[in-house]
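Q: Quick one: structure below, then a few questions.
The values are calculated or read from the model by the stated rules, or taken from the named source; none is laboratory data. The structure displayed is predicted, hence computed values, not measured ones. No Cβ is skipped: glycine too gets one built from the backbone with ideal geometry, and neighbour counts run over all protein chains shown. Only protein heavy atoms, including side chains, enter the accessible area calculation; ligands, DNA and RNA are left aside. Shrake-Rupley method; radii C 1.70, N 1.55, O 1.52, S 1.80 Å.
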Amino acid sequence: MMTLRTRMTAAMIVLVVATAISVAWLANLAFGAQGLPEALDALGSDTRLLAATLQATAIGAAADILTFGRLDVAAAVAEGGSTTAEAEAQLADLFAAALAVKQRYLQLRFIDTTGFEVVRVDRRDGRVHSVPQVELQDKSERPYVQGALSLQPGDLYVSPVQLNEEEGELDVPYVPVVRLATPVASSSGVVGGFIIVNMDMRSVLATLKRDAMDRGRELYIMSASEYLLHPDHDREFERSRGLSRGWSDDFPDLPPDLANEVAWTGLADIRGESVGVAVRGLPLAGGPRVVVLTTEPEAQLMAGPRRVVTSAVLGGGLVALMATVLAALLARSLSRPMARLAGAVARFETAGDWDVPSGTTGEVGVLADTLDRAIRSEREKHAELEEQIEIRRETEAKLEREAARLRHLSTVAQSSLDGIYTMTAEGTVTSWNPGAERLYGYTADDMVGRHISVLVRDDDRPEVEGVLERLRSGEAVRDYETVRLTRQGEGRDVSLTLSPVRDDAGAVGGISAIARDIGERKALEERFRLSVEACPNGMVMVDESGVVVLVNREVERLFGYSREELLGESIEKLVPEAARGAHPGLRRRFAGEPRRRAMGSGRDLFGRRKDGAEIPVEIGLNPIQAPDGLFVLASIVDISERLKAQEELRRSNEDLEQFAYVASHDLQEPLRMVASYTELLAQRYEGQLDERADKYIRYAVDGAKRMQLLITDLLRFSRIDSQSKPFAPTELNAVVQEVIDARLAAALHEAGGTVAVAELPVVQADEVQIGQVFQNLISNALKFRPEDRPPEVHVAAERQGPMWLISVRDNGIGIEEEYAERIFEMFQRLHGVGTYSGSGIGLTLTRKIVRRHGGQIWFESTPGSGTTFYFTLPVDER
């Protein structure tokens, strides 16, 4: 019969062992429930990172190709024309530079809309090669050309990842490539061709495969029909190589529409083994979908959680062993305490509540304390494990966000046309993008680790040290224009934006730099300066406040000031004293509505020389909106000689007018006598002579009258300039109404016609001459009318910039377009003498009057339907 000690010892041993087993079982349940999902989440996160790396490669190429598609030189190639050859050469140079920098790019091409290659640069024997014209090919039947034909400017075509089989083009055939294409529009917006890049995918696929293998995983990348990447290299691109196998039969337990999945994780039976699977689907750069699939054996997935459970079991076993030893030594005095301890253990088993019995001493007390420490230790380990799992989840999320941000920043930096690089606070280069390589000629391998002073001229080194000191003090330097040396030792004009980079403590730990090539802008500025300097007119540029910022040699000659005496001074220095007070107000009014305009039209302008003399000038104003404000470029011409010539012409015209008056008077006197006697002869002897004599007499009378009309019109034509009146504000509505009521009322009544007049402007004009213009145009509309409808005339006006466009439209017989110039010539008639009355000089007078007013005249006509005469008059800015 067993003793109490033996029974108690045996009971305690059983109880402690049961407790340890329960704790291990509970731990196993807890870790089994959480360990597998956590492991699958980690597998899914790593798969997303691999997919993001693949996507970033494609997006970087897409950004490059879209940038090429927006280049002016690409648009020039698409435009065609006389400069196409030069533009093609420039585009080929840009393609060659891109292939030299981007080792993944195998080929860059410009293909026109017929599918024929115009420019092609590819990589042969490890070198960049520009293909001559005779080797260019017709690619119109290629799928990627057919796919690109439907694109609009700014769109992108992305081909599937496929083996390159266009032998003869590349020196490395049968490699996995992606082709990206974008259309190129000419200046008119019409698509004139496409830029296509062939990108070698071997390096990125090899990198992804290596990353997966380092973690003990297998990586698969698939298109809709075949493997693009497989642990067994022979399984890749089977369909493209003429084999019938695909990838769908290899994963029977996965979702049937796996190719369309965005993300999926889970366990699957693959080749008789339970395997964790993570799937990430994505459209490659917005094009064809690919699937990234990662597998890891379940045993490897669960290795970590199982190690935790094993530790818990070993700890429980150790506790049980200790309890057995203590039970053997202390069983004699533990019957009652053991009962209490057994009750506590029972409560723990049923309710999970652990409470060490109080007042327990000796061996039982030690056992109770030991069990308490063991249970609490396991609880602490469990809580610590849960905390570590949560920390890992948050860390992975932060790493994913940071990786995405860094990939985005890297893509932006790699795609930028500007040079972007970073330095330590002392000036040692730490990063160097392709834009910097193109700008300075140094590669990243050349520059990283070297001091930035390698780019600085000797004379500029003290200035650079000063700039670095400002940056180390936390000051940013923006738009710093200077000269930097290229690898070839050539100076290059650049604009630098430098910013201090602070660490978490706020201290300046580095410097970021953006460098932009401003050589072309500097060259343009120099050409502009030389053009202004060589201009035969005086050229003055002022800012919005009227301060002179630029003058040329002709201004120095005209006004007698040196350049240094004018720069930085107010423009009022060149304005006569009488007009100087009002000039600032005129400048402010111009700045409020800046546009090109000529000054001095209709009034006299003068400039004041250094010696106080005033010279007559003509000024043209051209507003220039620059980034730093409004500037005005004034062109100044000394018109002293012109005024002298005009005065001489005026005197000559007066002499000509006197001659014309005398000539017309002397011609009209004998002509009146001839006309009078022929009319008297016709009246007295009409019917007494034969019919032929009567006809000859009528011819003589008619000829004399027409000769009188011609001489009168010729005299009017000669007096347009000599007897004209000064221009004054003239209401055109009042002028037209006076013509209708006083001069053409009888003609309107006889023809049964109407004249509709819209709202007309007030202009600076000679009222009598402008009335003659309207009279000639309206009377012609009444005269040249069809017999089947009454004449209708419409007079209207429309403002077009600095000019008024006046129109006189009728519904008459119309004019053939071939007579557009002839009808304005003197004595030119389109009809026989007896068909319509007139001398044939009316439109000649009209054109001369319009030109005297600073305008032009023309017509548009549809024979049989009517004619519209248009003429322009300057807007009265006052």
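Q: Looking at the range 551-572, which of its residues are over 19 Å from ALA613 (Cβ atoms), touching a helix residue (DSSP H, G or I) at 6+ places or on another chain (Cβ under 7 Å) and of a type outside the set (D, E, K, R)? Before the answer, list the steps.
A: Taking the range 551-572 as the starting set, the residues that turn out to be over 19 Å from ALA613 (Cβ atoms) are 552-553, 563-564, 567-568, 570.
Remaining after also requiring touching a helix residue (DSSP H, G or I) at 6+ places or on another chain (Cβ under 7 Å): 552-553, 563.
The answer is ASN552, and nothing else.
Q: In addition: Write out, first by first residue and then by second, each pair whose Cβ atoms fall under 7 Å of each other, whose residues are 6+ apart or on separate chains, and whose first residue, in the range 259-273, is within 28 Å of PRO288 (Cβ to Cβ) while the second is at pLDDT 75 or above and polar (S, T, N, Q).
A: The qualifying pairs are ILE270/THR295.
Q: Residues in the range 155-187 that are modelled with pLDDT under 85 and part of a loop (DSSP other than H, G, I, E, B): how many?
A: 10
Q: GLU565 fails exactly one of the following numbered conditions: (1) in contact with a strand residue (DSSP E or B) (Cβ under 6 Å, 6 or more places away or on another chain); (2) surrounded by 14 or more Cβ atoms within 10 Å (Cβ to Cβ); (3) modelled with pLDDT of 90 or more. What is the number of that condition?
A: (1)
Q: Tell me, yes or no, whether the range 419-438 has at least one residue that is part of a helix (DSSP H, G or I), assigned by TED's automatic domain parsing to the domain that holds GLY491, modelled with pLDDT of 75 or more and open to solvent by 60 Å² or more (accessible area, probe 1.4 Å). Lay out the reasoning, then the answer.
A: Of all residues in the range 419-438, those part of a helix (DSSP H, G or I) come to 434-438.
Now restrict to residues that are assigned by TED's automatic domain parsing to the domain that holds GLY491: 434-438.
Still in the running and modelled with pLDDT of 75 or more: 434-438.
Going one step further and asking which of them are open to solvent by 60 Å² or more (accessible area, probe 1.4 Å), we end up with 438.
Yes, there is a match, as at least one residue in the range 419-438 is part of a helix (DSSP H, G or I), assigned by TED's automatic domain parsing to the domain that holds GLY491, modelled with pLDDT of 75 or more and open to solvent by 60 Å² or more (accessible area, probe 1.4 Å).
Q: Inside the range 79-93, can you point out the residues that are of a type in the set (Val, Ile, Thr) and part of a loop (DSSP other than H, G, I, E, B)?
A: THR83
Q: Could you please find all residues in the range 405-418 being surrounded by fewer than 15 Cβ atoms within 10 Å (Cβ to Cβ) and over 22 Å from THR53 (Cβ atoms)?
A: Once the filter is applied, which keeps residues that are surrounded by fewer than 15 Cβ atoms within 10 Å (Cβ to Cβ) and over 22 Å from THR53 (Cβ atoms), the range 405-418 yields only LEU417.
Q: A follow-up question, please. Report yes if GLN103 is part of a loop (DSSP other than H, G, I, E, B) and not hydroxyl-bearing (Ser, Thr, Tyr), otherwise no.
A: So GLN103 passes the test.
Q: Moving to a separate point now. In this structure, is VAL128 β-branched (Val, Ile, Thr) and buried (at least 20 other Cβ atoms within 10 Å of the Cβ)?
A: Spelling it out, it is not the case that VAL128 is β-branched (Val, Ile, Thr) and buried (at least 20 other Cβ atoms within 10 Å of the Cβ).
Q: Condition first: β-branched (Val, Ile, Thr) and in contact with a strand residue (DSSP E or B) (Cβ under 7 Å, 6 or more places away or on another chain). Now tell me which residues in the range 55-91 satisfy that.
A: Residues satisfying the conditions are ILE65, VAL77.
Q: Go through the range 771-797 and give me each residue that's open to solvent by less than 60 Å² (accessible area, probe 1.4 Å), in contact with a Lys or Arg (Cβ under 6 Å, 6 or more places away or on another chain) and more than 15 Å from GLY752 (Cβ to Cβ).
A: Within the range 771-797, just GLN775 meets the criteria.
Q: Moving on. Working only within the range 221-272, note down all residues that are of a type in the set (Asp, Glu), surrounded by 14 or more Cβ atoms within 10 Å (Cβ to Cβ), in a loop (DSSP other than H, G, I, E, B) and modelled with pLDDT of 75 or more.
A: First, the residues of the range 221-272 that are of a type in the set (Asp, Glu): 226, 232, 234, 236, 238, 249-250, 253, 257, 261, 269.
Checking the rest, the ones that are also surrounded by 14 or more Cβ atoms within 10 Å (Cβ to Cβ) come to 226, 236, 238, 250, 261.
Subset that is in a loop (DSSP other than H, G, I, E, B): 226, 236, 238, 261.
Those that are of a type in the set (Asp, Glu), surrounded by 14 or more Cβ atoms within 10 Å (Cβ to Cβ), in a loop (DSSP other than H, G, I, E, B) and modelled with pLDDT of 75 or more: GLU226, GLU236, GLU238.
Q: Let me ask another. Within the range 511-532, can you find the residues that are closer than 22 Å to ARG438 by Cβ and either open to solvent by less than 70 Å² (accessible area, probe 1.4 Å) or in a helix (DSSP H, G or I) (or both)?
A: ILE511, SER512, ALA513, ALA515, ILE518, GLY519, GLU520, ARG521, LYS522, ALA523, LEU524 - these are the residues of the range 511-532 that are closer than 22 Å to ARG438 by Cβ and either open to solvent by less than 70 Å² (accessible area, probe 1.4 Å) or in a helix (DSSP H, G or I) (or both).
Q: May I pose another question? Condition (residue is part of a strand (DSSP E or B), open to solvent by 40 Å² or more (accessible area, probe 1.4 Å) and of a type outside the set (Val, Ile, Thr)) applied to the range 200-210: is it met by at least one residue?
A: no
Q: What do you reckon, is LEU108 in contact with a strand residue (DSSP E or B) (Cβ under 7 Å, 6 or more places away or on another chain) and either open to solvent by 50 Å² or more (accessible area, probe 1.4 Å) or under 20 Å from SER203 (Cβ atoms) (or both)?
A: Judged against the criteria, LEU108 is a match.
Q: For the range 208-219, indicate whether the set of residues that are within 44 Å of the chain's Cα centre (by Cα) and either farther than 22 Å from ALA52 by Cα or of a type in the set (Ser, Thr, Tyr) (or both) is non-empty.
A: no
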